[in-house]
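One structure is given below, encoded as structure tokens.
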Amino acid sequence: MHELVARGHRVKALIRPGADLRGLAGAQFEPVEGDVGDRAKLKAAMYECDWCFHAAASYHLWLRDYSGMYATNVEGTRNVLEAAASAGCTRIIYTSTVGCIGLPSPVPGKVIPSDEATPVLEGQMSNHYKRSKWQAEQIAIELVRKGIPVVIVNPSAPVGPRDVKPTPTGQLLVDFLNRKMPAYLDTGLNWVHVRDVAVGHILAAEKGRIGERYILGNAEGNWTMKEALDMLEDVTGVPAPKVRIPYFVALAAAHVNEIISALTRRPPKAPLAGVRMARHKMFFNPAKAIRELGLPQTPPKQALVDGVNWFRQNGYVKSR
């Protein structure tokens, strides 16, 4: 939203009752109270809007009941995209995830990053979040075939300021800063500045081809977890964990945590879904978005610095 306002756009934002608006502080926008389940309100709110950005999602790796996640991520997506089309929006940007793109191909000594053409099947969606987003992406593709002007963007692992909740990637920074990471798994992510992801959405509305997918990532952001933690040590002065947990140990611990969570109804510290995803290095190639959209490429180190500074300045880090 901040990037849209900075470019002179008038913005309406769908706000759930009681939503935390700290991440929107400083942005000028017209709030519309409602949710993605109310088709009539969605259509009325988007009347005379040129663009629609559908970025709302239930992003959890563990819930006691996943029915609400599917209602939001799948049916909510259909509601928003169809309402935007009925309201006359000329570009509809659907925020998917790189989790809906095929896994990178390991070859001896390295991992070949995936791109938008890497094959994938629904059976590879290893948890409810990924499965619900996959189903939502299929709805977007179905609506494109019906003539609805949808462009799909697939962010990788955004990091940076205003991560109020925080997201799982932001939580990793918070845990690191609070020295709650005694060990790590041998995994990997494509780190990208959240501002580049926001700008990528706008560029997709301006230049994206209808029906296409665009990975919003960083060409230099494919880091193993050890590389990311070492970089965090460099920019924060906080020692990085030195112990690497074997995957089978983490998997066994996650199973135990899930059993405990089923009894206590409290989220597990290490969700099984997260551990299973960590088995693969999630490396991606954003060349298409760079080439066709002009996606900015802020150095991933700067993304970590900006995220760390924001968390420190906003009370997420305990003083020591």
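The values are calculated or read from the model by the stated rules, or taken from the named source; none is laboratory data. As the structure is a prediction and not an experimental result, all values here were calculated from the model. As a convention, Cβ positions derive from the backbone with ideal geometry for all residues, glycine included, and neighbour counts pool all protein chains shown.
Among the residues of the stretch 61-82, is there at least one that is within 16 Å of LYS12 (Cβ to Cβ) and either touching a Ser or Thr at 6+ places or on another chain (Cβ under 8 Å) or of a type in the set (A, V, I, L, M, F, W, C) (or both)? Looking through the stretch 61-82, at least one residue is within 16 Å of LYS12 (Cβ to Cβ) and either touching a Ser or Thr at 6+ places or on another chain (Cβ under 8 Å) or of a type in the set (A, V, I, L, M, F, W, C) (or both). Of all residues in the stretch 175-189, those satisfying the criterion of being assigned to a strand (DSSP E or B) and either within 17 Å of ALA252 (Cβ to Cβ) or without any contact (Cβ under 8 Å) to a residue 12 or more places away in the chain (or both) are ALA183, TYR184, LEU185. So, restricting to helices (runs of 4 or more DSSP H) that lie completely within the stretch 225-293, which ones have at least 3 residues that are surrounded by 17 or more Cβ atoms within 10 Å (Cβ to Cβ) and of a type in the set (Gly, Ala, Ser)? Helices (runs of 4 or more DSSP H) meeting the threshold: 247-264.
Restricting to the stretch 135-161, give me the number of residues that are touching a Ser or Thr at 6+ places or on another chain (Cβ under 9 Å) and either part of a strand (DSSP E or B) or more than 24 Å from GLY307 (Cβ to Cβ) (or both).
13
For every residue, the table says whether it meets (1) farther than 20 Å from LEU24 by Cα; (2) part of a loop (DSSP other than H, G, I, E, B); (3) touching a residue at least 40 places away in the same chain (Cβ under 8 Å); (4) within 16 Å of the chain's Cα centre (by Cα).
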{"residue": "ASP163", "(1), (2), (3), (4)": "no, yes, yes, yes"}
{"residue": "PRO166", "(1), (2), (3), (4)": "no, yes, yes, yes"}
{"residue": "LEU173", "(1), (2), (3), (4)": "yes, no, yes, yes"}
{"residue": "ALA205", "(1), (2), (3), (4)": "yes, no, yes, no"}
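Of the strands (runs of 3 or more DSSP E) lying entirely inside the stretch 84-134, the ones with 3 or more residues being surrounded by 22 or more Cβ atoms within 10 Å (Cβ to Cβ) are found at 91-95.
Assess whether ALA56 counts as being assigned to a loop (DSSP other than H, G, I, E, B), under 19 Å from ARG91 (Cα atoms) and modelled with pLDDT under 95. Against the criterion (assigned to a loop (DSSP other than H, G, I, E, B), under 19 Å from ARG91 (Cα atoms) and modelled with pLDDT under 95), ALA56 qualifies.
Residue check: is ASN154 within 30 Å of ALA252 (Cβ to Cβ), at pLDDT 95 or above and not aromatic (Phe, Trp, Tyr)? No; evaluated as a whole, the condition is false for this residue. Checked against the criterion of being of a type in the set (S, T, N, Q) and within 30 Å of ARG10 (Cβ to Cβ), the candidates SER114, SER58 yield just one match: SER58. Here is a check on your reading of the model: is ALA219 of a type outside the set (Asp, Glu), surrounded by fewer than 17 Cβ atoms within 10 Å (Cβ to Cβ) and either in contact with a Lys or Arg (Cβ under 9 Å, 6 or more places away or on another chain) or more than 20 Å from LEU173 (Cα to Cα) (or both)? In short, no.
Sort out which residues of the stretch 174-195 are buried (at least 21 other Cβ atoms within 10 Å of the Cβ) and either under 14 Å from LYS318 (Cβ atoms) or of a type in the set (Phe, Trp, Tyr) (or both), and write them in order of number. PHE176, TYR184, TRP191, listed by residue number.
Given the residues GLY294, GLY274, which is the only one that is of a type in the set (Gly, Ala, Ser), within 30 Å of ILE93 (Cβ to Cβ) and modelled with pLDDT of 95 or more? Let's see the steps before the verdict.
Values: GLY274 fails: modelled with pLDDT of 95 or more.
That would be GLY294, the only listed residue that is of a type in the set (Gly, Ala, Ser), within 30 Å of ILE93 (Cβ to Cβ) and modelled with pLDDT of 95 or more.
Let me confirm something: among TYR66, TYR70, which residue is aromatic (Phe, Trp, Tyr), out of contact with any strand residue (DSSP E or B) (no Cβ under 8 Å at 6 or more places or on another chain), crowded, with 16+ Cβ neighbours inside 10 Å and at pLDDT below 95?
TYR66
Quick check on the stretch 161-168. Is at least one of its residues closer than 26 Å to CYS89 by Cβ, buried (at least 19 other Cβ atoms within 10 Å of the Cβ), touching a helix residue (DSSP H, G or I) at 6+ places or on another chain (Cβ under 7 Å) and not acidic (Asp, Glu)?
Let us first name the residues in the stretch 161-168 that are closer than 26 Å to CYS89 by Cβ, namely 162.
Checking which are buried (at least 19 other Cβ atoms within 10 Å of the Cβ) leaves us with 162.
With touching a helix residue (DSSP H, G or I) at 6+ places or on another chain (Cβ under 7 Å) added as a condition, the list becomes 162.
So of that shortlist, the ones also not acidic (Asp, Glu) come out as 162.
Looking through the stretch 161-168, at least one residue is closer than 26 Å to CYS89 by Cβ, buried (at least 19 other Cβ atoms within 10 Å of the Cβ), touching a helix residue (DSSP H, G or I) at 6+ places or on another chain (Cβ under 7 Å) and not acidic (Asp, Glu).
Checked against (1) touching an Asp or Glu at 6+ places or on another chain (Cβ under 8 Å); (2) at pLDDT below 90, SER105 passes all but a single condition, namely (1).
Of all residues in the stretch 6-43, those being surrounded by fewer than 14 Cβ atoms within 10 Å (Cβ to Cβ) and assigned to a helix (DSSP H, G or I) number 3.
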